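Values quoted throughout were computed directly from the atomic coordinates according to the rules given, and no laboratory measurement underlies them. Because the structure is predicted, anything quoted here is derived from the model rather than measured. Glycine gets a Cβ as well: all are built from the backbone with ideal geometry, and neighbour counts include every protein chain shown.
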Amino acid sequence: MQRHIDPTAPSNYSPLSQSQRRVRANLSQPGYKGEWSGQVQPALVASFVFLFCLEACLWVRNLRLKRRLPGPFAWPVVGNAMQLGQMPHITFAKLAKKYGNVYQIRLGCSDIVVLNGDKAIHQALIQHSREFAGRPNFVSFQMISGGRSVTFTNYSKQWKVHRKIAQSSLRAFSSANSQTKKAFEQHYYSRGHGTGAVRSVYENFKNLNEEFFSFVKDKVVQHRESFNPDVTRDMSDAIINVIEHGKDKVLEKEFVEATVTDLVGAGQDTMSTAMQWIILLLVKHPDIQAKLHELIDKVVGQDRLPSTEDRSNLAYLDAFIYETMRFTSFVPVTIPHSTTSDVTIEGLHIPKDTVVFINQWSVNHDPLKWKDPHIFDPSRFLDENGALNKDVTNGVMIFSSGKRRCIGDQIAKVQVFLFTAILLAPV
Ligand code: HEM
C-alpha cells in the first residue's frame, strides 16, 4: 500500500522526526533555496580548491623529482577522464606530440602509462616482453570466463600453460587444417552474400558475460557426455582432450569452459567490426570495389565461389584487407596491460603493477612509417610485381605484439579473406 507523508501532520501520525518535518515544510515554501545551501556550497568549493592545490603541488613536486612520467595535469577525482573525448586513441596521439611517446595519465585513482609509436611500443612489447605481459587486476576482468580467462588473467606460470593449450587447440583447427578451411568456406557459402545481424551493443556487461558463460558451459557438458577420444569433432573436443585426457593434467577441468568462452568470445566483436568496415570501405571506394570484382572474376571465374586456395592469386584483395586494418585500426588500443616488474622504456622508469595502454592506431598512422597515412590506398602493400610485400604488411599493428599477441590472428585473416572474396564474387 502506498504511504503518503504529510509534513504538517501531528508527529504521532508521521514516521518523520520533528526536524525532518521542519525541513520538509521549508522545502515546500516558494523560493526556498535550502537551509544548508549557504553552508554546503562554500564548503564544497573550498574542498575542491584544497584538493586542486594539493594535487597541483604534488604534481609539480613529483615532476621536478622525476618521480612521475611526463603527462597532462590530472584533475582531482576524475583525473584526465574528461579530456579523452570520443576517440581516446586520437587524443593519446595528440598528447604524445606534447609529452613524448611514453607518458602518464590518470583515470579515477589509477595512474596509467600510455605507449605510442612504433619504437616505444616495440621496445616494450618485444624487447621487454615479459615485463609488459601482465594484465591489471580490474574487477571487470574477473567477471569474464568465470575468472579463468586466458585473455584477462595476469602473467603467471599457470597462465603460460593455459595460453599454450588455447593456442595449440586453435592451431589444430586453424587455416593449416584443411577440414577447418572447408568448414569456414561452407559457413560463408551457406550465408550467401549477407553479413547477418551483428550484436553490437552490450547492454549489461556482467549479465551478458554470465549468460554467455552459462551457454558455453551447457555446450561443454553435452560435449563431455558424447566425448570420444578417437574423434575430434570441433574445438571444444580438442580442448577437453588436452585438459582432461592429456598426459600432464596441469589445469583443472573448469578451464575447459573458460577456454572455449575465451576463443568464441574473442572472435565475435572483432570479426563483426572487421566485416562492417570492409563493407563501408567498399561502398566509399567504388573504384577499388570495381578493381576487386574484376580481379575475382579473372582469377575465380563465374562458375564457382572463391576459396582459400585462390588467396595467392588475389594479392590485391589481401592488400585491401591490410589497408582496412591499418587505416581504420578498428582495435585502436589493445586490452590494458600491466607491468610485471620495474622497467625502463625510452629512459623513463615505469614501476611494477602499472596499468599500460598501447596505442595501435599511433603505429598505423605514424608518418615516419607510412606515406600519407590518412589516405586509404591498398597498393602501398604491393611490390613492383603486384605481389604482397610482407615487409610492409608486417608493419600493420592490429593483433598487438609480444607475449599477449592475439592468438586468433591467422584464423581471423582467413575468415576476413573468405568473407570479402565471397561477398564480391559474381556467383
Ligand atoms: C580481426 C579479428 C581480431 C582482431 C583485430 C584481434 C585483436 C586482438 C587484440 C588487439 C588483442 C589484445 C592483445 C593485447 O592485449 O596486447 C587480442 C587478444 C586475443 N585474441 Fe584476438 N583479435 C581478433 C580475432 C580473434 C579470434 C578470431 C580469436 C580466437 C579464435 C582471438 C583470440 C584472442 C585471444 C585468446 C586473445 C588474448 C591473448 C592474451 O591475452 O594472451 N582473436 N586480439
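Close amide H contacts of residue 103 (hydrogens built in the peptide plane, cut-off under 5 Å, sequence separation of 5 or more or a different chain): 114. In this rough spin-label picture, where each label sits 7 Å from Cα along the Cβ direction, the residue 374-residue 210 distance is 4.7 nm. A crude spin-label estimate for the pair residue 82 and residue 309, with each label 7 Å from Cα along the Cβ direction, gives 6.3 nm. Ranked by the mean number of other Cβ atoms within 10 Å of their residues, highest first, the peptides 101-112, 268-279 fall in the order 101-112, 268-279.
Restricting attention to segment 37-116, close to 100% of DSSP beta bridges with both partner residues there are antiparallel. Using the Cβ-Cβ distance between residue 283 and residue 427 with R0 set to 22 Å, the FRET efficiency from 1/(1 + (r/R0)^6) comes to roughly 0.60. For the pair residue 219 and residue 233 in one chain, pulling the backbone fully straight at 0.36 nm per residue adds 3.7 nm over the alpha carbon distance.
The length gained on full extension between residue 171 and residue 73, counted as 0.36 nm times the residue separation minus their Cα-Cα distance, comes to 30.7 nm. Once both labels are positioned 7 Å from their Cα atoms along Cα-to-Cβ, the gap between residue 126 and residue 40 label points is 5.7 nm.
Fully extending the segment from residue 298 to residue 269 would add 7.2 nm, taking 0.36 nm per residue of separation and subtracting the current Cα-Cα distance. Phi angles of segment 155-165 translate, via the Karplus equation with coefficients 6.51, -1.76, 1.60 and θ = phi - 60°, into HN-Hα couplings of 5, 6, 4, 5, 4, 4, 5, 4, 4, 4, 5 Hz per residue; Gly and Pro are given as x.
Converting phi to 3J(HN,Hα) with the Karplus coefficients 6.51, -1.76 and 1.60 and the offset θ = phi - 60°, segment 399-405 yields 9, 6, 7, x, 5, 9, 4 Hz in sequence order, with x at every glycine or proline. Normalising the average separation of contacting C-alpha pairs (under 8 angstrom, six or more residues apart) by the number of residues puts the relative contact order of segment 142-424 at 21 percent.
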